[in-house]
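Report on one structure; see the data block that follows.
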Amino acid sequence: MIGTPAPAFTMACDHGQTSLAAYHGQILVLYFYPKDDTSGCTSEAKAFRDAMDAYGAAGVAILGVSKDSVASHAKFRAKHDLPFRLGSDPDGTVCEAYGVWKKKSMYGREYMGIERSTFLIDRNGVVRAEWRKVKVTGHAEAVLAAAKSL
């Protein structure tokens, strides 16, 4: 996917609607996470939140995406004071377009779910970096360093 145009999307978010086109001219960190208010997803969101001043200074926007509802996103954002939008993809269209809807396994049980992934999209809508199977520790800092290099 690196070096190719990011798949276009339009989706509901906790502030109305958002789209890839809305971020044209900005660097965008598009990150996919499994579920609002779970431990790993909360840690990841807080890491991006805590680095928001640095992201803002670098002219980088952040958009988190999961299959959770807009109402769930609004509660999650309020509870953790998240300063960026959260997109709702209940039918998985955006997840499929970015290839993050994967077969997962836990305790011997297989199921489909969102693979924690992040995409760095440049001002012209081209994917410049991607991280799959993200480990939360140090991730927000690594993405920021890559964004600053654009």
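Read the figures in this text as sums done on the coordinates, not as results from a lab. Treat the numbers as computed from the prediction; the structure is a model and nothing was measured. Here the Cβ positions follow ideal geometry from the backbone for every residue, glycine too, while neighbour counts run over all protein chains shown.
Key figures
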item: Proxy reagent accessibility, fewest Cβ within 10 Å first, across Ser149, Ser19, Ser72; result: Ser149, Ser19, Ser72
item: Charge dipole magnitude, Cβ of K and R +1, D and E -1 - the chain, Cα centre, debye nearest 20; result: 300 debye
item: P(r) histogram, all alpha-carbon pairs of the chain included - 5 Å bins from 0, percent; result: 2, 10, 21, 24, 23, 14, 5, 1, 0
item: Taking Ile62, Ile114 and counting other C-beta atoms within 10 Å, the order from fewest to most; result: Ile114, Ile62
